[in-house]
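The values are calculated or read from the model by the stated rules, or taken from the named source; none is laboratory data. Just so it is clear, the structure is predicted and the values come from calculations on it, not from any experiment. FYI the Cβ positions are ideal-geometry reconstructions off the backbone, even for glycines, and counts take in every protein chain you see. Ligands, DNA and RNA are excluded from the accessible area calculation, which covers all protein heavy atoms including side chains. Shrake-Rupley method; radii C 1.70, N 1.55, O 1.52, S 1.80 Å.
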Amino acid sequence: MLSIILPSYNEEKMIPIAAKRLGDILSPENIDYELVFVDDGSRDSTWAQIQEVSKNDSHVVGVHFSRNFGKEAAMFAGLSAVKGGCAVVMDCDLQHPPQTIVEMYRLWEQGYEIVEGIKNTRGDESGLHKLFARSFYKIISGLTGFDMQNASDFKLLDKKVLDVLLQMPERKTFFRAMSFWVGFKSCQVTYDVAERR
Ligand code: UDP
Ligand code: MG
């Protein structure tokens, strides 16, 4: 089974849209899946929406935070709740194209344990944002020795990689870098960042 983790902060409108979109793409591909929505202490009705959608769609499960802890915490809580043999983390606003998950899953079936999503384009970010992002990843890549230019949180991990990540003692996590660090048989797919729905 493929588990998809969707950290969700004030995404009340996106919960039903994301659940439907992912079902429309994964069902015809005969991929058994679950959607783990993590409500990161939203101020809107995100949690009520997750509960509502899960009533009619057995693929949907939810995790509920007592307050907003941030996306890193939401991703790790979701990863610790998965039932599948592999998991994909993606943004709830569909900026990570759902169709790419099928490509990632097929690579996992071929034996890859980590499939990194690498941004082709950075979407509609401002020039200054792009400049800071480029500088940040240049420094991170220099320090870690891994090429992290255009790396993202959009990635697939085999269950055994998850187990290793969840055992790491880090309290301040940096998910997108940690998957580079742990080793394992990995490959990359590129994607275009969509506009926020
Ligand atoms: N998110 C979250 N907790 C937060 C902020 C964001 O879980 O405190 C989620 C958000 O709902 C979305 C993803 O993380 O699914 C990325 O957030 P956003 O779209 O705001 O950021 P960006 O597109 O700039 O990376
Ligand atoms: Mg976004």
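Scanning region 175-197 for residues that are loosely packed, with under 15 Cβ neighbours inside 10 Å and either within 15 Å of ligand 1 (Cβ to nearest atom) or within 16 Å of the chain's Cα centre (by Cα) (or both), we see that the one that is nearest to Lys20 (Cα to Cα) is Arg197. Just so you know, in region 99-132 the residues that are of a type in the set (Asp, Glu) and part of a helix (DSSP H, G or I) include one that is nearest to Leu2 (Cα to Cα), and it is Glu109.
Here the condition is being free of Cβ contacts under 8 Å to residues at least 12 places away in the same chain, surrounded by 15 or more Cβ atoms within 10 Å (Cβ to Cβ) and small (Gly, Ala, Ser); of Ser58, Ser54, it holds for Ser54 alone. Within region 157-173, none of the residues are open to solvent by less than 100 Å² (accessible area, probe 1.4 Å), outside any helix (DSSP H, G or I) and within 16 Å of ligand 2 (Cβ to nearest atom). A count restricted to region 61-85 and to residues that are open to solvent by less than 60 Å² (accessible area, probe 1.4 Å), within 16 Å of ligand 2 (Cβ to nearest atom) and of a type outside the set (A, V, I, L, M, F, W, C) stands at 2. Residue by residue through region 1-13, note down the ones that are open to solvent by 10 Å² or more (accessible area, probe 1.4 Å), out of contact with any Cys (no Cβ under 6 Å at 6 or more places or on another chain) and within 15 Å of ligand 1 (Cβ to nearest atom). Within region 1-13, Pro7, Tyr9, Asn10, Glu12, Lys13 qualify.
The residue list Ile50, Ile15 contains one member that is touching a helix residue (DSSP H, G or I) at 6+ places or on another chain (Cβ under 6 Å) and within 16 Å of ligand 2 (Cβ to nearest atom), which is Ile15.
Residue check: Ser42 meets all listed conditions (1) open to solvent by less than 10 Å² (accessible area, probe 1.4 Å); (2) of a type in the set (Gly, Ala, Ser); (3) in contact with a Phe, Trp or Tyr (Cβ under 7 Å, 6 or more places away or on another chain) but one, namely (1). Selection of region 14-30 for residues being in contact with a strand residue (DSSP E or B) (Cβ under 9 Å, 6 or more places away or on another chain) and either crowded, with 16+ Cβ neighbours inside 10 Å or more than 14 Å from Met1 (Cβ to Cβ) (or both) yields Met14, Ile15, Ala18, Ala19, Leu22, Gly23, Leu26.
Look through region 86-120, keep the residues that are of a type in the set (S, T, N, Q), open to solvent by 30 Å² or more (accessible area, probe 1.4 Å) and more than 14 Å from ligand 2 (Cβ to nearest atom), and return whichever of them is farthest from the chain's Cα centre (by Cα). Looking at residues that are of a type in the set (S, T, N, Q), open to solvent by 30 Å² or more (accessible area, probe 1.4 Å) and more than 14 Å from ligand 2 (Cβ to nearest atom), I get Gln110. Checking each residue in region 1-32 for being under 18 Å from the mean Cα position of the chain (by Cα) and in a helix (DSSP H, G or I) picks out Met14, Ile15, Pro16, Ile17, Ala18, Ala19, Lys20, Arg21, Leu22, Gly23, Ile25, Leu26.
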